[in-house]
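Comments concern the structure below.
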Amino acid sequence: MDIILNLLPHLLNGLALGLLFALIALGFMLIVGVMELINLAHGSLFALGAYVAMTIIDPNLSGYGAFGEWYMGLSLTLRYIIALAFAPVIVAFVGMGLEICMRRTYGKKAEYGLLLTYGAALVLEETIRITWGSAEQVLQIPDAISGAFIAGGMIYSNYRFFAAGFGLVLILVVWLFLEKTPYGSIIKAGAHDSEMVRALGVNLTRLRLLVFGLGAGLSAIAGVVLTPIWGLRPHVGVDVVIPAFLIIVLGGIGSFWGAVIGGILVGLTVGIVGALAPEWSLMSMYILLIIVITFRTRGLLGKKSALEN
Amino acid sequence: MFSPKTKLSFSKITAGVALTAVCTVLSATAATAAGKPIVIGLTSDASGQYANSGASDRRGMKMAIAEYNAKGGVLGRQIKTVHIDTETTPATGSRVAERMISREKVGFMIGAVSSGVANAISQVAQKYGVVYLNTNSSSPTESGKNCHRVKFVWDGNGKNFALAAVKNAVTAYGKDWLLVTNDYVWGHNTSKATRGLAVANGAKIVDEIMVPQGTRDFSTVLLKVQQAKPSVVAAAVGGDDQKAMRTQIAQLGLGDKFAWINNQQDWPDVYGLPKKNLFGVFGTTWYYKLDLPGVKEFVAKYQAAYPDTKMKVPGNVFYNGYMATKSLLQAIEAAGTTNNHAVIKQLENLKVSAADRMQHHDAWMNPKTHQMQQTVYLATSNPADSAKDDMFKIMSQSAPSAVADMNAEATCKLEALADTPQRES
């Protein structure tokens, strides 16, 4: 009984962590699922989103007179909401720029796309370093979602549960968009049979541009939400790419709910193993992947993988 | 046809020409050696867990080198540097050292933050006899079982910092101790030192939580800490891992729920963080606000050299990089040669006054372990609403003899000088 009571906070924590992992994988999954492209710049777009948000929240407007005073007079909550809305849009445009560069690699070996996105990741990371410096930065959060609460004699972070809740809402919004809107239908159809979609008069070039922009925007949202927990530094994106890739392989490449379930499973595994044998906590997600792939080569909910082509 | 006399003259002329040619070649070689720059390899991290500290370390080395180059170099030769990213990865450290020595022909190597990387570099350095300065890595093993004749360690180690902190902490905060340990060589050895001292002073270790390198989410660790309810948490977690951990501790408000003893706190790891993230007690070897002669001038020099750096004041990592490099250049000058054996002897006998070190006590190189024996400071967060950069409050300072790592002397087995390959650069 004691063991169960001891594990309960870890289960709850693992679930929250799982939603955060799913949030990280969302943008990555969309681009892999629809465009069959492994976007190695995902982590850098994640970091860029966080840096842009940091600048929107706390910009240096000393030379901007009345506007500067007015803007900095806005509450932190309002500036945070503005950042959460606009940083992903800005990063989405960066993602679109990257997609335009990608076009010559379509129809060629997957390595071309991998190399190009890897190069883009390096360029983005260096750009961040040059623009914002290499020191640790802080992305401020409103007081309403900071602090902690006590439950069952344990202290939990408010922000962590806000982030997990936000992740859950975003997952549902993306799912509704893909399943219940005509745009979502076109995106999914483009993933299944792009030639047929083109034959039906859909502008495939624009579709890919929008999907890449959406994927980049989702990466940026994950960056804005997660960096107040993980900290903000130019190479923070490196911490993101491997779990994101692992989760979509675990869940099944191209499967929306596979990515969500994969994220939650990884979170629960890391949380529970962390409670019992902390030194194995990071390793546990890789062991989980090996176990799943051994029995289900295409992941939990995967159909034919893009990597099989 | 030549007459005998003419023949003799010809022989003399031939010999003279040959001698002149040999002399010309020799003097030209000597002139080239005198004129060619001394190449120093900077083996600091530019990526990975210690990227930020690596950059600070490098700035320190470069400022010392720039000062020497401005006054004509060393032994009349300019100093040139080569930097290759060691990526906070021991395997990369080995490759970088091999490449620097074999291809870049460096005469000396400087730089490390990660003890794993420092150990890897020093093994290669010993093989070739290249003098190597470990500027900033703090595992006790660096001057203990992993010591080498060519390696000199400039930072205080986990044992030094533990000696400065643990005894007082047991008395002041309580006897139930929990260790949070980064799962690699520095973490293990630092925790081992803390454990030994804590137990020796009457504490009980209630648990030790191992944290894999690269951990970004400390929620599980912090839940375990809460469940264990210790009176003191002694953390040996470094680099980006530590930054993430501090942020999450501050978010939970756990900073004042337990007494946190952070063995050591590198300046680049906390610079820019809110003061609420800087809790507990920790060790350091230097602070830019020490009220000692020369400190203000040193800070001004840093600010003039690096006006665009986000880190507006120098920290302990920069300081160690600078001091180590300066001492190496002084040793080469004192030896009058770049011969590694001569430079090693100079460094083994190194003594630096407190004034020159900008510390409270004289420092010296321990010839048995090759670790710099220096003042260790205990610090905590500065609660005063002072300048943004004034983050630390120095609580106490310990003389080198009070915090000496005696275990290092017992475990360090330096290679004989005769077994260390000779080289000049």
Inset, instruction - List every residue pair whose Cβ atoms sit under 6 Å apart, with the two residues 6 or more apart in sequence or on different chains, where the first one lies in segment A:242-269 and is closer than 16 Å to residue A:34 by Cβ and the second, anywhere, is among the polar types (S, T, N, Q) and surrounded by fewer than 24 Cβ atoms within 10 Å (Cβ to Cβ). - result: A:253/A:305
Inset, instruction - Go over the candidates A:113, A:165 one by one and state the one that is in a helix (DSSP H, G or I), away from chain B (no Cβ under 14 Å), within 16 Å of the chain's Cα centre (by Cα) and at pLDDT below 95. - result: A:165
Inset, instruction - List the helices (runs of 4 or more DSSP H) that sit entirely inside segment A:178-234 and contain at least 1 residues that are closer than 18 Å to residue A:27 by Cβ and at pLDDT 90 or above. - result: A:204-230
Inset, instruction - Examine segment A:80-92 for a residue that is within 14 Å of chain B (Cβ to nearest Cβ) and in contact (Cβ under 8 Å) with a residue 12 or more places away in the chain, and state whether such a residue exists. - result: no
Inset, instruction - Among what's in segment B:84-111 and is surrounded by 20 or more Cβ atoms within 10 Å (Cβ to Cβ) and at positive phi, pick the residue that is modelled with the highest pLDDT. - result: B:111
Inset, instruction - Keeping to segment A:267-299, report how many residues are away from every other protein chain (no Cβ under 14 Å) and in a helix (DSSP H, G or I). - result: 8
Inset, instruction - Evaluate segment B:241-249: report whether one residue or more is over 25 Å from residue B:56 (Cα atoms) and among the acidic types (Asp, Glu). - result: no
Inset, instruction - Return only the number of the condition from (1) modelled with pLDDT of 95 or more; (2) within 14 Å of another protein chain (Cβ to nearest Cβ) that residue A:23 does not satisfy. - result: (1)
Legend entry - Hey, residue B:231 of a type in the set (Ser, Thr, Tyr), more than 25 Å from the chain's Cα centre (by Cα) and over 21 Å from residue A:157 (Cβ atoms) or not: yes
Legend entry - Subset tally (residues that are closer than 15 Å to residue A:248 by Cβ and either modelled with pLDDT under 90 or basic (Lys, Arg) (or both)) for segment A:262-298: 3
Inset, instruction - With respect to residue A:13, determine if the residue is within 14 Å of chain B (Cβ to nearest Cβ) and over 22 Å from residue A:167 (Cβ atoms). - result: no
Legend entry - Residue that is nearest to the other protein chains (Cβ to nearest Cβ), among those in segment A:131-155 that are among the hydroxyl-bearing types (Ser, Thr, Tyr) and in contact (Cβ under 8 Å) with a residue 24 or more places away in the chain: A:134
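The values are calculated or read from the model by the stated rules, or taken from the named source; none is laboratory data. Small disclaimer: the values here were computed from a predicted structure and weren't measured. So basically every Cβ, Gly included, is an ideal-geometry build from the backbone, and we count neighbours across all protein chains shown.
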